[in-house]
Amino acid sequence: MVGMRLLHFGFKVHDIERTMQAYNELFGIDWDPVAEFALPRGDNNAQLSRTKVTHGKTGDGVEIELVQYVEGPPVDDMVMGEREGISHVAFLVDDLAAERAKAEAKGIAIVNEGTAPRASWIFLHDHRLGGALVQLVQLNK
């Protein structure tokens, strides 16, 4: 793969079931089952944020991620505060370590990172990124 590929747009929501229903009724988007995760947050990933997460796709294949924070500090609180809306744009990368090194060399802050069975990721925050976080994701093999 050359460069990065758009993976999804992430929305912070207060009520994931209500939001899923609205997008389904208004736009015909079907959703994966809601999964619950405990995501690392904070310095040295010492704190956990308990979240509910689901993914849906538009007719042309654009993926949308809904994230409801249930407990603990939100990963995106530095850009979102208490409001709902687009919190991040995620890009699929082939080599997460190399992309991390590039971001750090350019002075971009790594504000969160994690690993799940399906993927590993980092979140980037920088005033040059237009007010949203950027998530870089590498699928686990």
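Taking Thr51, is it touching a residue at least 12 places away in the same chain (Cβ under 8 Å), part of a helix (DSSP H, G or I), within 17 Å of the chain's Cα centre (by Cα) and surrounded by 12 or more Cβ atoms within 10 Å (Cβ to Cβ)? No; evaluated as a whole, the condition is false for this residue.
Would you confirm, using the coordinates I've provided, whether Ile122 is among the aliphatic types (A, V, I, L, M) and surrounded by fewer than 18 Cβ atoms within 10 Å (Cβ to Cβ)? Full working, then the answer.
On the way: among the aliphatic types (A, V, I, L, M): yes; surrounded by fewer than 18 Cβ atoms within 10 Å (Cβ to Cβ): no.
Considered against the rule, which asks whether it is among the aliphatic types (A, V, I, L, M) and surrounded by fewer than 18 Cβ atoms within 10 Å (Cβ to Cβ), Ile122 comes out as no.
Among the residues of the range 33-48, just one is modelled with pLDDT of 90 or more and surrounded by 13 or more Cβ atoms within 10 Å (Cβ to Cβ), namely Val34.
Scanning the range 64-94 for residues that are surrounded by fewer than 20 Cβ atoms within 10 Å (Cβ to Cβ), at pLDDT 85 or above and small (Gly, Ala, Ser) yields a total of 1.
Surrounded by fewer than 16 Cβ atoms within 10 Å (Cβ to Cβ) and modelled with pLDDT of 95 or more: which single residue out of Ala116, Ala97 fits that description?
Ala97
The set of residues from the range 119-135 being modelled with pLDDT of 90 or more and outside any strand (DSSP E or B) comprises just one member, Asp126. Can you tell which of Val79, Val89 is part of a strand (DSSP E or B), among the hydrophobic types (A, V, I, L, M, F, W, C) and under 15 Å from the mean Cα position of the chain (by Cα)? Of Val79, Val89, the one residue that is part of a strand (DSSP E or B), among the hydrophobic types (A, V, I, L, M, F, W, C) and under 15 Å from the mean Cα position of the chain (by Cα) is Val89. (1) within 26 Å of Gly81 (Cα to Cα); (2) at pLDDT 95 or above: which one isn't true of Leu7, the others all being true? The failed condition is (2). If Ala101 meets every condition in (1) without any contact (Cβ under 8 Å) to a residue 24 or more places away in the chain; (2) assigned to a loop (DSSP other than H, G, I, E, B) apart from one, which number is that one? Evaluating Ala101 over (1) without any contact (Cβ under 8 Å) to a residue 24 or more places away in the chain; (2) assigned to a loop (DSSP other than H, G, I, E, B) leaves (2) as the failure.
In this structure, is Asn24 modelled with pLDDT under 95, over 19 Å from Ala119 (Cβ atoms) and either among the small types (Gly, Ala, Ser) or part of a helix (DSSP H, G or I) (or both)?
Taking the combined requirement at face value, the residue does not satisfy it.
The values are calculated or read from the model by the stated rules, or taken from the named source; none is laboratory data. Remember, predicted model here, so these are calculated numbers, not experimental data. For neighbour counting, all protein chains shown are included, and Cβ atoms are generated from backbone atoms with ideal geometry for every residue, glycine included.
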